[in-house]
Amino acid sequence: MKTAPVAELMADGRGRDAIGLGRMKSEGLDARHGTILSLEDINVSFDGFKALTNLSLYIGVGELRCIIGPNGAGKTTMMDVITGKTRPDSGSAWFGDTLDLTRMSEVEIAQAGIGRKFQKPTVFEALSVFENLELAQKTDKSVWASLGARLSGEQRDRIDEVFDTIRLGQSRHRPAGLLSHGQKQFLEIGMLLMQAPQLLLLDEPVAGMTDAETEFTAELFKSLARKHSLMVVEHDMGFVETIADHVTVLHQGQVLAEGSLAQVQADERVIEVYLGR
Ligand SMILES: Nc1ncnc2c1ncn2[C@@H]1O[C@H](COP(=O)(O)OP(=O)(O)OP(=O)(O)O)[C@@H](O)[C@H]1O
Ligand SMILES: [Mg+2]
């Protein structure tokens, strides 16, 4: 029988400041203790290989957390656990205070408010930019029903708001297939935003982007934080330095260090396994 981990966390006062808890309340989600995501003692193995080992990590509501670590550290696997793609062998994963992610399907987790962006953009290339956002609208209708359906004023406003956020208003009627790689990434982020997620997981978002696109992504993420919680996995240290106030270093499926980027960069163990290479 599992109990809510956050209550225990509060009871012994572990790491509350370290993880930036309690900055704000999250809409519609029970996160009274200020923690949007709690991973505790997560273990995942693939044919005997341990990808995650007793991994524990907490994300505060409205936080922008960067996750760094060498190739194979388990960063993507951790996102797979959070989104229900991979079931942990043991450990607990809670969204807010009450949602047990280990017992929810991928669809249920997405509907509960966790949006994920993979490295490769997955937009509908033949459809216009506008239609891509329209399709991403939170709705019970099937894809074809929603494309044909009249949008309400509120839905149009929401699309306009997202266009402003991702700065693709000029391209709204272009086929998404004609966008640059970076623009496709922004469109996909826009599609995630249409779902109004509370927690966004972004795996190597600036890989393959131009410097200008990377700069805009940094601005974009900073503007999304507080309203949303973000977990960003990135190898680009310049980018991490621009956006992160809090960094977690993963190594061999465990948290090796946590703190400001300057703090973790000064950590001997981090230098040894990762940054000093
Ligand atoms: N489905 C799978 N089957 C077997 N091994 C896997 C599977 N998924 C991941 N692994 C292994 O688990 C380890 C962690 O992989 P993961 O993709 O989580 O690392 P990562 O930190 O995201 O690395 P990168 O920075 O290269 O993206 C790696 O050694 C990888 O080969
Ligand atoms: Mg990865």
Residues in region 266-275: is at least one in contact with a Pro (Cβ under 8 Å, 6 or more places away or on another chain), part of a helix (DSSP H, G or I) and within 16 Å of ligand 1 (Cβ to nearest atom)? yes
In region 44-75, how many residues are more than 11 Å from ligand 1 (Cβ to nearest atom), within 20 Å of the chain's Cα centre (by Cα) and not hydrophobic (A, V, I, L, M, F, W, C)? 6
Kindly evaluate MET191 against the criterion of being hydrophobic (A, V, I, L, M, F, W, C), touching a residue at least 60 places away in the same chain (Cβ under 8 Å) and not in a helix (DSSP H, G or I). no
Quick one: count up the residues across region 194-206 that are surrounded by fewer than 21 Cβ atoms within 10 Å (Cβ to Cβ), part of a loop (DSSP other than H, G, I, E, B) and in contact with a Lys or Arg (Cβ under 8 Å, 6 or more places away or on another chain). 2
Working only within region 76-123, note down all residues that are within 16 Å of ligand 1 (Cβ to nearest atom) and of a type in the set (Lys, Arg). LYS85, ARG87, ARG116, LYS117, LYS120
Quick check: is even one residue across region 201-209 within 16 Å of ligand 2 (Cβ to nearest atom), under 17 Å from the mean Cα position of the chain (by Cα), at positive phi and at pLDDT 90 or above? yes
Looking only at region 150-193, which residues are within 15 Å of LEU224 (Cα to Cα) and surrounded by fewer than 18 Cβ atoms within 10 Å (Cβ to Cβ)? GLU161, ASP164, THR165, ARG167
Yes or no: region 92-106 includes at least one residue that is modelled with pLDDT under 95, hydroxyl-bearing (Ser, Thr, Tyr) and at negative phi. yes
Within 16 Å of ligand 2 (Cβ to nearest atom), farther than 21 Å from TYR274 by Cβ and either over 21 Å from the mean Cα position of the chain (by Cα) or at pLDDT 90 or above (or both): which single residue out of ASP80, ASP41 fits that description? ASP80
Scan (1) farther than 29 Å from GLN265 by Cα; (2) surrounded by fewer than 22 Cβ atoms within 10 Å (Cβ to Cβ) for the single condition THR76 breaks and write down its number. (1)
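The values are calculated or read from the model by the stated rules, or taken from the named source; none is laboratory data. These figures come from a predicted structure and were not determined experimentally. Every residue, glycine among them, receives a Cβ derived from its backbone with ideal geometry; neighbour counts consider all protein chains shown.
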